[in-house]
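Right, one structure below, let's go through it.
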Amino acid sequence: MSLQTPAEPVQDTPKQGRIVAIDLVRGIALLAMASYHFTWDLENFGYTDPGLTAFGWWKIYARCIASTFLFLVGVSLFLAHGRQIRWPGFWKRFAMVAVAALAISLITRIATPDGFIFFGILHEIALASLLGLAFLRLPSLLTIAVAALVIAAPVYLRSQAFDHPALWWVGLSATNPRSNDYVPLLPWFGAVLLGIAAAKLASTSGLLARLAKLASGRCSNPLVFIGRHSLAFYLIHQPLLFGSVWLFSQVMPAAPLNQDASFLKSCQISCEQQRDSKFCTSYCGCMLDTLQGEGTLDRLYNGDQTPEFKAHLADLAGACTASTDDATEGGQQ
């Protein structure tokens, strides 16, 4: 499938084919995704604070977009194959997405080796579409129950046993690997299952039939068009946005930011998701001073992802947290 599976009449869905409302929602989600990627591009070229899109509301925004896409994957999978699995159509769409996912992995491996996309949204869609077929005939409540277990899996199943790169696609490693688009099977398959369950309930209640009667208006036609050609939009939009920002940077480059300042800003943004600003300022200063003192800062800047260095960073973080807490408590006494 593209970011969707072509809709086929099922149960009480009229034989007019596609449901415009679903394409419309998908089109809105695609534009939201483009806005996030554009902000990421600006950050990548130094026009925004380091780490802006990785934390806070931007992180929530990204997760909402991905969840919407995967939910619609489940809806479309049921619409296309809920009555009977159309194997030729399924395998054709599956092959398109799988090839596109492989192409993205190869391109990003060359362009951004430190954060290449080994299992992103397209990889997830391809695998989730295949696994989702097993749930098309199951009761909706059972599908919802399984979805809840899948979504919560990283909370109760995360283990160092999944830290091997060959198992990163599962999503249960103790530390998330570095990637510019990491959408592992768990917990994201849960959104697809919820989409399947929602489509079943909507079909049974007659909601799909009512939605199928809605027609697009002049203003919504562009969004519907994008939603119907979502794979093409997905593959084209980021190269265009990235290339545009790159061209702009050649004419008006962003003000240079040295690596130490970049580290402090990124650390501060990340830390303030959990602690207050005063603590984070001291903590980030401690981390920077320690890394500089032991001469390992370059390993961090170069994206060292070895288990040994990750464990070392975790130890440093624990030590700096403890020393900052002690200093804070001492200052309050």
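Got a number for carbon plus sulfur as a percent of the chain's accessible area, 1.4 Å probe?
Working: 11290 of 17350 Å².
That fraction is 65 percent.
Go ahead and estimate [θ] at 222 nm for the chain from helices alone: -39,500 (n - 2.57) per DSSP H run with n ≥ 4, summed, over the residue count, rounded to 500.
-22500 deg cm²/dmol
Tell me which residues come under 5 Å, amide H to amide H, from A174 once H is placed; ignore anything under 5 positions away on its chain.
Amide H neighbours of A174, under 5 Å, 5+ apart: S159, Q160, F162, D163.
Given C-alpha coordinates of the chain, what is the ratio Rg to Rh with the Kirkwood estimate of Rh?
On the way: Rg = 22.7 Å, Rh = 22.1 Å.
With Rh from the inverse mean 1/r over Cα pairs, Rg/Rh is 1.02.
Given R₀ = 41 Å, FRET efficiency for R275-I110 by Cβ-Cβ distance, to 0.05?
Details: r = 39 Å, r/R0 = 0.94.
Step by step, r from the Cβ atoms, then E = 0.60.
Counting Lys +1, Arg +1, Asp -1, Glu -1, what net charge surrounds I104 among other residues with beta carbon under 15 Å of its beta carbon?
After counting each charged neighbour, the total is -1.
Name the shape class, rounded, prolate or oblate, that the alpha-carbon gyration tensor gives for the range 83-154, where a ≥ b ≥ c are the square roots of its eigenvalues, rounded holds for a/c under 1.5, and otherwise prolate holds if a/b is larger than b/c and oblate otherwise.
Note, shape of the range 83-154 comes out oblate.
Among M287, M252, M33, which one shows the highest mean-square fluctuation when the chain is modelled as a Gaussian network with alpha-carbon springs under 10 Å?
M252
On a 0 to 90 degree scale, rounded to 10, what angle separates helix 185-205 from the longest Cα axis of the chain?
Computed tilt is about 30 degrees.
Karplus couplings for the range 225-242 from phi (6.51 cos²θ - 1.76 cosθ + 1.60, θ = phi - 60°), rounded to Hz, Gly and Pro as x?
Once θ is set to phi - 60°, the couplings for the range 225-242 become 4, 4, x, 7, 10, 5, 5, 4, 4, 4, 6, 8, 5, 5, x, 5, 5, 4 Hz.
How much net charge surrounds L313 when only other residues with a Cβ under 13 Å from its Cβ are counted (Lys, Arg +1; Asp, Glu -1)?
The answer is -1.
Taking K and R as +1 and D and E as -1, what net charge do the other residues with C-beta under 11 Å from the C-beta of F116 add up to?
Cβ neighbours under 11 Å give a net charge of 0.
Can you give the Rg to Rh ratio of the range 164-230, both from alpha-carbon atoms, with Rh computed by the Kirkwood formula?
Looking at the range 164-230, the ratio lands at 1.18.
If r is the Cβ-Cβ distance from A209 to I28 and R0 is 22 Å, what FRET efficiency results, to the nearest 0.05? Let's see the in-between values first.
Values: r = 23 Å, r/R0 = 1.03.
The formula returns an efficiency of 0.45 here.
Output the Cα-based Rg and Dmax of the range 114-207 in Å, rounding Rg to one decimal and Dmax to a whole number.
My reading of the Cα-based Rg and Dmax gives 14.7, 49 Å.
Counting just the Cα atoms, what span does the range 35-157 cover along each of its three principal axes? Round to the nearest Å and put the largest first.
51, 31, 28
For the range 136-178, take every pair of Cα atoms, bin their distances at 10 Å starting from 0, and report each bin as a whole percent.
Going out from 0 Å in 10 Å bins, the range 136-178 shows 27, 38, 24, 10 percent.
Cα gyration tensor of the range 43-114, axes a ≥ b ≥ c as square roots of the eigenvalues: rounded (a/c below 1.5), prolate (a/b > b/c) or oblate?
Since a/c reaches 1.5 but b/c is at least a/b, the shape of the range 43-114 is classed as oblate.
How large is ³J(HN,Hα), in whole Hz, for each residue of the range 289-297 in order, when computed from phi with the Karplus curve 6.51 cos²θ - 1.76 cosθ + 1.60 and θ = phi - 60°, using x for Gly and Pro?
These are the phi-based 3J(HN,Hα) values: 4, 5, 5, 5, x, 8, x, 10, 5 Hz.
For the range 214-223, take each phi angle, set θ = phi - 60°, evaluate the Karplus expression 6.51 cos²θ - 1.76 cosθ + 1.60, and give the result in whole Hz per residue in order, putting x for glycine and proline.
Once rounded to whole Hz, the list reads 6, 10, 7, x, 4, 6, 8, 4, x, 5.
Give the relative contact order (percent, whole number) for the chain; include only Cα pairs under 8 Å separated by 6+ residues. It would help to have the intermediate numbers written out before the result.
On the way: 424 pairs, mean separation 89.9, N = 333.
Worked out over the chain, it gives 27 percent.
Per residue, how much accessible area does the chain show when a 1.4 Å probe rolls over the protein heavy atoms, in square angstrom?
For the chain, the solvent-accessible area averages 52 Å² per residue.
Sorted by accessible area (1.4 Å probe), largest first, how do F309, F55 line up? Walk me through the intermediate numbers first.
Working: F309 0, F55 50 Å².
Descending accessible area places them as F55, F309.
Shape call for the range 30-78 from the C-alpha gyration tensor, a ≥ b ≥ c root eigenvalues: rounded (a/c under 1.5), prolate (a/b greater than b/c) or oblate?
It is prolate, given that a/c is not under 1.5 and a/b is the larger ratio.
Can you list, by residue number, the Cys in the chain that have no neighbouring cysteine C-beta under 4.7 Å?
Lone cysteines by the Cβ rule: C64, C219.
The values are calculated or read from the model by the stated rules, or taken from the named source; none is laboratory data. Only a predicted model underlies this, so the values are computations on that prediction, with no experimental measurement involved. Cβ atoms come from the backbone with ideal geometry, glycine included; neighbour counts cover every protein chain shown. We work out accessible area using only protein heavy atoms, side chains counted, and drop any ligands, DNA or RNA first. Shrake-Rupley method; radii C 1.70, N 1.55, O 1.52, S 1.80 Å.
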